[in-house]
1. Scan segment 1-24 for residues that are open to solvent by 50 Å² or more (accessible area, probe 1.4 Å), closer than 25 Å to residue 190 by Cβ and touching a residue at least 40 places away in the same chain (Cβ under 8 Å) and jot them down.
2. Mind checking whether some residue in segment 51-58 is within 19 Å of residue 172 (Cα to Cα) and surrounded by fewer than 19 Cβ atoms within 10 Å (Cβ to Cβ)?
3. Can you pull out every residue in segment 115-133 that is farther than 24 Å from residue 166 by Cα and open to solvent by 70 Å² or more (accessible area, probe 1.4 Å)?
4. Anything in segment 59-90 that is surrounded by 15 or more Cβ atoms within 10 Å (Cβ to Cβ) and in contact with a Pro (Cβ under 9 Å, 6 or more places away or on another chain)? List them, or say none.
5. Considering each residue of segment 165-178, count those that are farther than 18 Å from residue 118 by Cα and hydroxyl-bearing (Ser, Thr, Tyr), and give that number.
6. Quick one: is residue 93 more than 24 Å from residue 196 (Cβ to Cβ) and surrounded by 12 or more Cβ atoms within 10 Å (Cβ to Cβ)?
7. Here's a check for you: in segment 140-161, which residue that is in contact with a strand residue (DSSP E or B) (Cβ under 7 Å, 6 or more places away or on another chain) and under 19 Å from residue 119 (Cβ atoms) is surrounded by the most Cβ atoms within 10 Å (Cβ to Cβ)?
8. Filter segment 162-171 for residues that are of a type in the set (D, E, K, R) and out of contact with any Lys or Arg (no Cβ under 6 Å at 6 or more places or on another chain); which is surrounded by the fewest Cβ atoms within 10 Å (Cβ to Cβ)?
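The values are calculated or read from the model by the stated rules, or taken from the named source; none is laboratory data. Being a predicted model, the structure only gives us computed values, none of them experimental. Cβ coordinates were reconstructed from backbone atoms using ideal geometry, including for glycine residues, and neighbour counts include every protein chain displayed. With ligands, DNA and RNA removed, areas are computed over all heavy atoms of the protein, side chains included. Shrake-Rupley method; radii C 1.70, N 1.55, O 1.52, S 1.80 Å.
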Amino acid sequence: MVFRLLFRAVIMGPPGSGKGTVSDRIVKHFELKHLSSGDLLRANIQRGSEIGVVAKSFIDQGQLVPDDVMTKLILRELNNMDQRHWLLDGFPRTVPQAEALDNVYKIDSVINLNVPFETIKNRLTARWIHPASGRVYNTEFNPPKVSGIDDLTGEPLVQREDDRPETVTKRLKAYEVLTKPVLEYYQNKGVLETFSGTETNKIWPHVHAFLCTKLPDVSQKEAASQR
């Protein structure tokens, strides 16, 4: 009987760090099942599940969903992925969550994306939208012809609340306070791998090289079989 060694990983990084892009590439290259706690939470709230209703009651009051509720939600989902390699995104966010996860699964690697807050702030605050059409501009990569004005209608552009400098700064500081103990927890366990940089495309090759020491790159196999 052949036992398959399963690889269990966590990806961490502040909002705007390129975590979503890196996660998509990991899934494509290494066939890990990506589980986003945010996506799972939204799906349960929309479905009106028991956990979704409880979680929504906290969110509606502007509170964080308690550790025990999030842990129950995630562990139940991971139980359905027992024979898969997986990548957890957005969980654990606190040390009690990390400890609860460790009680059930052995985490092999924690991939931490370390992008300077100033880079993230510039990236997120550069986004402006035209409310009526939904057109999105980026003052660095896709600027309007006239600053602050929609190209087609000449109407003013607005910045979403989430993209305003003061909101972005607040979110980044909150992330740092919340996750620093979690990073230290995994550092002490010897499973934390930190990848630093200002551009996702420059960070990714290092993440890819690291994961190649753990798992085969299935995208290369597929490319070879198509020749």
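1. 4
2. no
3. 132
4. Correct list: 67, 70, 71, 74.
5. Adding up the residues that qualify gives 0.
6. no
7. Filtering first and then ranking leaves 159.
8. 166
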